[in-house]
Amino acid sequence: MNLGNLLWIYLIFATLLPVMHRRWIDAQRLLRMRSLEKRRGTRVISLIHRQETMSFLGIPVARYINIEDSEAVLTAIRTTPPDLPIDIILHTPGGLVLASEQIAESLKRHPARVTVLVPHYAMSGGTLIALAAEEIILDPNAVLGPVDPQIGEYPAASILAAVEQPNPNRDDRTLILADLSRKALRQVRETVLALLKGRLPDDQAALTAEALTSGQWTHDYPIDVEKARALGLPVATEMPMEVYDLMALYPQPMQRRPSVEYIPVPYAPQPPPEPARRAPRHRS
C-alpha cells in the first residue's frame, strides 16, 4: 500500500470519527434520559447550554436560550400526554426573555406535575422557567439567579437609578431607555407573579417577585438553596444520579491542558500509613 492510499484512509477516518463519536454521545444521552423517565414515571426534557467544540475547526460556541429552543421545548410539551408529569433538566446562563417566558408559561399550563432539575446553575431566563414548576430540585451547590430585565448592556433598574440623578444635560436616548426600563420591569414582575400564582400565597408571591425582578442584586448574583427557600420557592436537593451522568455527556471545549483534574471514581479517604515496625534486637 503506497503513501497516497494511506493518506486517503487517514482522511476518511479523520472525517468519520467525529461523526461516529457524536452519534455515540447522542445515543448515550437518550439512554440516560430513558432511564430517568422509567424510574420517575415522567417525560424528561433537557435544556442544556454548554460550550461545545465544533467537530473539525475546534471553535467553542457559547449557547443561550433562543427562539429555536422555545419552539423545540413547546413541541415536546405539546406532545406530552396531559396526565404525564414532566421533568425538565436546566443548565443555562439564560437568554431571550420572550423564549424563556414562552417555555415557562407552557410548563405552567401543563396539567400534570412539573419538576425542574438544576445540577449546576440556571440563571436569568433559566430561573424564570424554574418558577413554573411545582418543585425545583437543586444540587446542594447549584444556584438560580435574579430575573431583572436587561436593556442592552445595562440593567433596567440601574438605568432608572441613573435617570433619578439631577442632570440638566440628559439626552433623549437616556429618557427613552428609562421609559423602556419601566415597562420591562413591570412586565417581568407581572410574568413572575403569574408563574407563582397558585404556588405561593399572594403576599409571599409579591415579595418573591419584587426580590427577583427589582434589581436589588447584580444580574449574576447566585441564589443558592438556602436563599431560594427563604424566597419561598419549593426547593429540594435529592438530585437523581442520571442527571449527573447526562451532564457528563455534554463536554466542554477541548483544551491543551485541563483546568480541573481528579481521579474519576467515587473517592474515599485513604487510611493513614501504619508506622514501620522495627525489627526486634537480639542480645548475645
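The values are calculated or read from the model by the stated rules, or taken from the named source; none is laboratory data. Please read all numbers here as calculations on a predicted model, not as lab measurements. A quick note on method: Cβ atoms are made from the backbone with ideal geometry, for glycine too, and the neighbour counts reach across all protein chains shown. Heads up: the accessible areas ignore ligands, DNA and RNA and are worked out on the full protein's heavy atoms, side chains in. Shrake-Rupley method; radii C 1.70, N 1.55, O 1.52, S 1.80 Å.
Distance from the Cα centroid of region 134-190 to that of region 206-239 is 17 Å (rounded to whole angstrom). Remark: region 98-105, residue by residue, has Karplus-estimated 3J(HN,Hα) of 4, 5, 5, 5, 4, 5, 4, 5 Hz, where x stands for each Gly or Pro and the curve is 6.51 cos²θ - 1.76 cosθ + 1.60 at θ = phi - 60°. As a rough guide to protection, the peptides 118-124, 106-112, 235-241, 171-177 ranked by mean Cβ packing within 10 Å, highest first, stand as 118-124, 106-112, 235-241, 171-177. With all protein chains kept in place, the per residue accessible area of region 120-263 amounts to 57 square angstrom at a probe of 1.4 angstrom. The GluC sites (Glu not before Pro) of region 114-210 that meet both conditions, a loop assignment by DSSP and at most 11 other Cβ atoms within 10 Å of the site Cβ, are E153, E164. Antiparallel beta bridges, as assigned by DSSP with both residues in region 63-170, represent about 15 percent of the total such bridges.
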